[in-house]
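See structure below.
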Amino acid sequence: MTKRIFSGAQPTGNVHLGNYLGALKNWVALQHEYESFFCIVNLHALTIAQDPALLIEKTRDLARIYLAVGIDPQVSTIFIQSDVHEHAELTWVLNCVARMSELERMTQYKDKARKQQENISVGLFDYPVLMASDILLYQTDLVPVGDDQRQHLELTRDIAIRFNRDYGETFKAPDAFIPKVGARIMSLSDPAKKMSKSDDDPNGCVLLMDDADTVQKKFKRAVTDSGTEIRFDVSRPAINNLLEIYHLMTGKTPQAVENHFAGKGYAQLKGDLAESTVEFLRPIQQRVREINDERLDEILDQGREKARQIARATLERVFHLTGLKR
Ligand code: TRP
């Protein structure tokens with residue numbers, strides 16, 4: 001039987017090149033091999049303060065991006081988390097299975113809590129249980145995620161196994177599916193850090209929806225290393241990162257990339273990089289604009305129905321086994 005994958009992204013802020021190359025691109029490839037569910041996890045977004053009108057927009061924007069980068073709604077199920085009530089309902093039951101001590105150990109929570117310090121919501125603490133519910137509702141085999149989500153995946157497995165032991169076989173214990181050579185794109189302003197939308201310097205991060213001028217400006221300001229040679233070299237992380245992006249934007253082999261820049265200077269590198277990135281983004285941006293509201297609603301309605309059917313079956317069993325429903 002075809003294995004099932006489930007993944008999701010939060011509709012917080014703008015999708016950037018690092019998100020695309022590190023995650024979305026991978027999903028697009030995987031959808032043809034696996035039965036795929038791609039969720040827009042807006043309940044997770046509520047764990048930190050959001051502007052309601054903006055959240056609605058960002059949620060729909062992210063759905064458009066999923067489609068524009070090539071997730072095919074005929075092949076994959078695309079849906080909004082809050083459209084399938086079972087996610088919140090299962091979270092409550094699993095809250096009664098997960099342990100405080102387990103959640104207290106979550107490094108992502110500890111990092112976020114340290115940064116925020118005041119008014120940390122219970123939701124932020126509970127974030128991993130909601131994520132476990134996302135995954136377990138669909139009897140997921142594999143979860144394509146970044147390395148930073150490994151601990152959440154292990155918790156998901158532990159919760160599944162504990163529930164099965166205490167109440168009876170219900171959930172499949174999923175495996176993380178972390179690409180071994182997943183593209184890790186670094187910030188243009190600090191190549192020691194991952195490209196991130198929460199970067200202190202907005203110039204460090206190229207957004208999928210950036211216009212040509214902005215892309216040019218960001219690459220122009222990108223930091224470089226000392227020396228002049230343009231070749232892949234991990235000891236010169238800034239140039240290495242720019243070459244990696246060029247390689248991914250053009251599809252040229254690393255050798256071809258080095259040949260292309262042999263004897264050329266940093267200005268040329270940045271100019272060519274900006275140009276190929278603009279070219280790369282053009283059709284994606286075009287497709288984002290082409291997806292009208294009606295078509296989007298249709299796709300999300302269809303995704304919701306497909307997701308709900310599976311989620312409902314799992315939740316019914318959970319309610320039955322826990323004594324919530326006969
Ligand atoms: N926590 C994930 C992230 O930040 C997002 C997420 C929520 C997710 N639910 C999920 C990922 C279920 C995979 C499966 O990347």
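The values are calculated or read from the model by the stated rules, or taken from the named source; none is laboratory data. Quick caveat, the model's predicted, so the values are computed rather than measured. As a convention, Cβ positions derive from the backbone with ideal geometry for all residues, glycine included, and neighbour counts pool all protein chains shown.
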Just one of (1) farther than 13 Å from Phe6 by Cα; (2) in contact (Cβ under 8 Å) with a residue 24 or more places away in the chain; (3) more than 12 Å from the ligand (Cβ to nearest atom) trips up Arg157, so point out which.
-> (2)
Those residues of segment 66-107 which are touching a Lys or Arg at 6+ places or on another chain (Cβ under 7 Å), assigned to a helix (DSSP H, G or I) and either more than 20 Å from Thr12 (Cα to Cα) or not assigned by TED's automatic domain parsing to the domain that holds Leu155 (or both) amount to Glu86
Residue in segment 225-247 that is nearest to the chain's Cα centre (by Cα), counting only those that are aliphatic (A, V, I, L, M) and part of a helix (DSSP H, G or I) | Ile245
Out of segment 15-34, which residues are farther than 17 Å from Gly146 by Cβ and within 15 Å of the ligand (Cβ to nearest atom)?
-> Gln31, Tyr34
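Please tell me if Arg282 is part of a helix (DSSP H, G or I) and assigned by TED's automatic domain parsing to the domain that holds Arg162. Give the derivation first.
Values: part of a helix (DSSP H, G or I): yes; assigned by TED's automatic domain parsing to the domain that holds Arg162: no.
Here the answer is no, as Arg282 does not meet what is asked.
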Condition test on Phe177, is it within 11 Å of the ligand (Cβ to nearest atom) and of a type in the set (Phe, Trp, Tyr)?
-> yes
Identify the residue in segment 293-326 that is within 30 Å of Tyr66 (Cα to Cα) and basic (Lys, Arg) and, among all such residues, is surrounded by the fewest Cβ atoms within 10 Å (Cβ to Cβ).
-> Arg295
Go through (1) part of a helix (DSSP H, G or I); (2) of a type outside the set (Ser, Thr, Tyr); (3) within 30 Å of Met1 (Cα to Cα) and name the single condition Lys110 misses.
-> (3)
How many residues does segment 121-137 contain that are within 14 Å of the ligand (Cβ to nearest atom) and either among the aliphatic types (A, V, I, L, M) or more than 25 Å from Ile80 (Cα to Cα) (or both)?
-> 8
Unmet requirement for Thr140, which otherwise passes all of (1) in a helix (DSSP H, G or I); (2) within 13 Å of the ligand (Cβ to nearest atom); (3) in contact with an Asp or Glu (Cβ under 9 Å, 6 or more places away or on another chain) = (1)
Subset of segment 9-27, residues within 23 Å of Ala132 (Cα to Cα) and touching a helix residue (DSSP H, G or I) at 6+ places or on another chain (Cβ under 6 Å), comes to Gln10, Pro11, Thr12, Leu24
Scanning for something surrounded by 13 or more Cβ atoms within 10 Å (Cβ to Cβ), assigned by TED's automatic domain parsing to the domain that holds Arg317 and farther than 21 Å from Ala307 by Cα, does segment 140-148 turn up at least one residue?
-> yes
Test Ala63 against the criterion of being surrounded by fewer than 19 Cβ atoms within 10 Å (Cβ to Cβ) and in a helix (DSSP H, G or I), and give yes or no.
-> no
When you scan segment 21-60, how many residues do you find that are free of Cβ contacts under 8 Å to residues at least 40 places away in the same chain, of a type in the set (Gly, Ala, Ser) and in a helix (DSSP H, G or I)?
-> 3
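Residues are listed down the side, and each one gets a yes or a no for (1) touching a residue at least 60 places away in the same chain (Cβ under 8 Å); (2) closer than 17 Å to Ile65 by Cα; (3) in contact with a helix residue (DSSP H, G or I) (Cβ under 7 Å, 6 or more places away or on another chain):
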{"site": "Asp201", "(1), (2), (3)": "no, no, no"}
{"site": "Arg221", "(1), (2), (3)": "no, no, yes"}
{"site": "Gly227", "(1), (2), (3)": "no, no, no"}
{"site": "Arg236", "(1), (2), (3)": "no, no, no"}
{"site": "His247", "(1), (2), (3)": "no, no, yes"}
{"site": "Val257", "(1), (2), (3)": "no, no, yes"}
{"site": "Leu269", "(1), (2), (3)": "no, no, yes"}
{"site": "Arg289", "(1), (2), (3)": "no, yes, no"}
Could you please give the count of residues in segment 203-224 that are under 19 Å from the mean Cα position of the chain (by Cα) and either at pLDDT below 95 or not acidic (Asp, Glu) (or both)?
-> 6
Can you confirm whether segment 98-120 contains a residue that is at pLDDT below 95 and within 11 Å of the ligand (Cβ to nearest atom)?
-> yes
Can you work out which of the residues in segment 160-174 that are small (Gly, Ala, Ser) and not in a helix (DSSP H, G or I) is farthest from the ligand (Cβ to nearest atom)?
-> Gly168
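State all residues of segment 67-97 that are aromatic (Phe, Trp, Tyr) and within 16 Å of the ligand (Cβ to nearest atom); if no residue qualifies, say none.
Restricting attention to segment 67-97, the residues satisfying the condition of being aromatic (Phe, Trp, Tyr) are 79, 92.
Hit for segment 67-97 is Phe79, nothing else.
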